[in-house]
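Read through the structure below, which is laid out as structure tokens, and then see the notes.
The values are calculated or read from the model by the stated rules, or taken from the named source; none is laboratory data. As the structure is a computational prediction, the values presented were derived from the model and not from experiment. Because the Cβ atoms are built from the backbone with ideal geometry, glycine has one as well, and the counts that use them run over all protein chains shown. With ligands, DNA and RNA removed, areas are computed over all heavy atoms of the protein, side chains included. Shrake-Rupley method; radii C 1.70, N 1.55, O 1.52, S 1.80 Å.
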Amino acid sequence: MSTDILNLDLETAYTAVSETYKGKGDIHAACREMRGKSPIYVGDFIKQFGVPTNAGLKQGTRPTFALFGYKDVMNVLRDADTYTNGFIAEGLGAFFDGLIILAMDGEQHRRVRALLQPAFMPDTVNKWRGQIDYVIRKDFLEPMVPQKKADLMDFGLYFPIREMYALMGFPTDDTEKYKKYAAWTLAMVGGNQVDPEKIDEARRNAGVAVKLLYDAIQEVVVKRRAEGSHGDDIIGRLLRAEYEGERLDDHQVITFVRSLLPAAGETTTRTFSSVMTLLLTTPGLVDRVRADRSLVPKLIDETVRYEPVATFKVRETAKEVELHGVTIPKGSFVQCMVVSANRDEEVFENPDQFDIDRKLKPSFGFGFGPHMCIGQFVAKVELNCAINAILDLFPNLRLDPDKPAPVIEGAQLRGASHVHVIWD
Ligand code: HEM
């Protein structure tokens, strides 16, 4: 077994994933140019950025098209019968086995989603708010107050993981373990590479990480079942749930939980980095939000529009379709450029302006349609608690003038690596 993976620390794993999915080029500029030219691109638009897609190895093996407009992206993500996800099981999902919600289609997806949904509804999530807020303040931020300076990402990398594992139903007596699990999860995500020199090692590491996570989750699942499968958390619910008329066996619960992990941690970390960057670099904004906390949800929504973590989503056509005079054969890949649709000038006025006062309209940073992020209320509660606690505990929070200003970057996964701040 690879000792490298056993000892992989979270920061190293996170940085490696950021590098892999950063790629090259300015994706906003490339999409803006395309919107001016044509709503559809015939070919693999993503290729120029040098990042993997969730089509994994199948990338480059089929006719590929890209869409840039708001309405087109909305229609594709909404119509999950025509534009399907099953191929993900052979791409990114090649490192997993068992149940992967994101790679399910049709009736199977509907049933599994219905089974999980109650654990993520606002009513349920709001019950955790007090606990989430307590952990953020007591365990993370209050000890930092006397330092008067920090890289906020030293907090941003760790708090979503801590909250998520507790919410999933992992025991809370050894929270250090979560960091290991989160690092292994990132090694799994890092298995998807475009650089031929890195593919073999990354795949090997992903394979080891997949097994380590399986064993770690198995320990929890077996114990929880033996104790009577109680609890409102995700593992408790899965142990009691019925799927295709039968209870889920341990293997199904374990693989299911494992497939949730990549979705739950780093997405919130990257969004946190972008929220804090935009809050601190937009003139006057931090004072306004500090004085009026009802603006925090608007700040989060506008960040998710302006800088979505995942810049695109890929779907496969289940039948031939005709779009903007172009015939898209059955079995093609369609790249939905979320980052472009969220700044479509036909829908958003001054789309390249970060404006928390803009009229609320759906955008696609949490996806859209049947696969829309099931964890978005969790992420929003975590972000809301974190922003409020930072503004409460760090007086006169501002960027550190002695450090480089934060930069939101990345062609596939966007965010800032560091957010250096000082306070009084
Ligand atoms: C700010 C943080 C987050 C962002 C930006 C985000 C973004 C997304 C997006 C864009 C999708 C749609 C994927 C697609 O259509 O292909 C998605 C799906 C999903 N997200 Fe999130 N997510 C976040 C946090 C979370 C959290 C905290 C969880 C908690 C478990 C979670 C669980 C999931 C799951 C399970 C799916 C798949 C749903 C399905 O296929 O039905 N996400 N997320």
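Which members of segment 361-372 meet the condition of being surrounded by fewer than 20 Cβ atoms within 10 Å (Cβ to Cβ) and under 12 Å from the mean Cα position of the chain (by Cα)?
Hits for segment 361-372 are G367, M372.
Only one of (1) open to solvent by less than 10 Å² (accessible area, probe 1.4 Å); (2) touching a residue at least 24 places away in the same chain (Cβ under 8 Å) is not met by L280, so which one is it?
Just one mismatch for L280, condition (1).
Out of all the residues in segment 249-279, which are away from the ligand (no atom under 12 Å from the Cβ) and in contact with a helix residue (DSSP H, G or I) (Cβ under 6 Å, 6 or more places away or on another chain)?
Answer for segment 249-279, where residues must be away from the ligand (no atom under 12 Å from the Cβ) and in contact with a helix residue (DSSP H, G or I) (Cβ under 6 Å, 6 or more places away or on another chain): D250, V253, I254, L278, L279.
Any idea how many residues of segment 324-334 are under 11 Å from Y83 (Cβ atoms) and either open to solvent by 30 Å² or more (accessible area, probe 1.4 Å) or touching a Phe, Trp or Tyr at 6+ places or on another chain (Cβ under 7 Å) (or both)?
Residues that pass the stated criteria total 3.
Could you tell me which numbered condition F155 fails, if it satisfies all but one of (1) farther than 24 Å from H418 by Cβ; (2) among the aromatic types (F, W, Y); (3) open to solvent by less than 40 Å² (accessible area, probe 1.4 Å)?
(1)
Taking L115, is it at pLDDT 95 or above, outside any loop (DSSP other than H, G, I, E, B) and within 15 Å of the ligand (Cβ to nearest atom)?
Here the answer is no, as L115 does not meet what is asked.
Considering (1) away from the ligand (no atom under 16 Å from the Cβ); (2) farther than 29 Å from D133 by Cα; (3) in contact with a helix residue (DSSP H, G or I) (Cβ under 8 Å, 6 or more places away or on another chain); (4) not acidic (D, E), say which one P329 fails and leave the rest.
For P329, the failing item is (3).
Looking at (1) touching a Ser or Thr at 6+ places or on another chain (Cβ under 7 Å); (2) more than 7 Å from the ligand (Cβ to nearest atom), can you tell me which one R358 breaks?
(1)
I'd like to know if segment 256-276 contains one or more residues that are open to solvent by 30 Å² or more (accessible area, probe 1.4 Å), among the polar types (S, T, N, Q) and within 18 Å of the chain's Cα centre (by Cα).
yes
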